[in-house]
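Note sheet for the following structure.
The values are calculated or read from the model by the stated rules, or taken from the named source; none is laboratory data. If you're wondering where the values come from, they're calculated on a predicted model, not measured in any experiment. Neighbour counts run over all protein chains shown; Cβ positions are idealised from the backbone, glycine included.
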């Protein structure tokens, strides 16, 4: 295994870094304060080709490696985690099932424009009483001729107010008559589909999140994305990637907090000298650097394993667990180094502190992940 980036990967990382430093970071505070979908920035990311990185050329992608994909994700998260979360959602969960099981018409009408950033795709799994246990989803579909009638309530739907289409997970009968999780493509104009109230969040505030109601939504059978009852199997296909992706988001926001803390320590003076010279600050920054560097290396390792088609459940889970905990610790330490200024809305550090909490939840709560890791080693 070689951690050295290829020339192409290095060029891509530098391109993304320049884009983030010039187009995203200067507007990051405004994006957060506005708390609305950053459409302009989102479309610019689409123009860079990020949404199609992991997809083949025949649908408008570039067939890039998983390592390349997370390089872009990390940089976006360093700029603004709201935007990075939206872009990662669009490039994976929001479009994967269309690519996997959609026909040519679905690809042309929804997938290809989405990979260009011209349409927005959301995924609907969580419900009011359903989070980690997706098998308990209560949204149901009933076959009616060549259509399915879907009824249910979804919660925590990212993109809901601005999405052009939704991948909705509902229960459907398989060939044996047993109910099982099944994904459906539901266009926004579907009668009976209603976007509910916006959920106000402490972090990733510019990632619009709402409730979603489906009341007798009639969907043509062709919009069933795969076989009835096989939804959990399909989710497992990308579960590892979701966790590596979340780890990359954590590394990015952690890196942003670290950079701000280092810069502040180089500028702030107390007792006649820069605070970077104080041993207490040096020790804290050293620990922050170590945490983010280790998180980054392990995240790259997990992505590399995916590229090599190696068994990767344990490694991906460890990457997400460690990186998210590291990002939150680093963001907390950054606010401590900046003291009162770390508490002020004028500075970005408080945003990193708030946004980093998202990485503890996305991709599976860390409590659930610890259970999975223990199980992977026989406990």
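The residues on offer are 29, 84, 114, and the sole one that is touching a residue at least 40 places away in the same chain (Cβ under 8 Å), touching a helix residue (DSSP H, G or I) at 6+ places or on another chain (Cβ under 8 Å) and within 16 Å of residue 245 (Cβ to Cβ) is 84.
Going through (1) touching a residue at least 40 places away in the same chain (Cβ under 8 Å); (2) over 23 Å from the mean Cα position of the chain (by Cα); (3) surrounded by fewer than 24 Cβ atoms within 10 Å (Cβ to Cβ); (4) in a strand (DSSP E or B) one by one, residue 229 falls short only on (4). No other residue among 99, 69 is under 30 Å from residue 228 (Cβ atoms) and either in a helix (DSSP H, G or I) or over 13 Å from the mean Cα position of the chain (by Cα) (or both) apart from 99.
Given the structure, is residue 74 without any contact (Cβ under 8 Å) to a residue 60 or more places away in the chain and in a helix (DSSP H, G or I)? Don't jump to the end; show me each part of the working.
On the way: without any contact (Cβ under 8 Å) to a residue 60 or more places away in the chain: no; in a helix (DSSP H, G or I): yes.
So residue 74 does not fit the description; no.
Using the structure shown, decide if residue 323 is within 17 Å of the chain's Cα centre (by Cα), assigned to a helix (DSSP H, G or I) and under 11 Å from residue 244 (Cα atoms).
Numbers: within 17 Å of the chain's Cα centre (by Cα): yes; assigned to a helix (DSSP H, G or I): yes; under 11 Å from residue 244 (Cα atoms): yes.
Yes: the conditions hold for residue 323.
Among the residues here, residue 17 qualifies as under 22 Å from residue 304 (Cβ atoms), outside the structural domain of residue 207 (by TED's automatic domain parsing) and touching a helix residue (DSSP H, G or I) at 6+ places or on another chain (Cβ under 7 Å).
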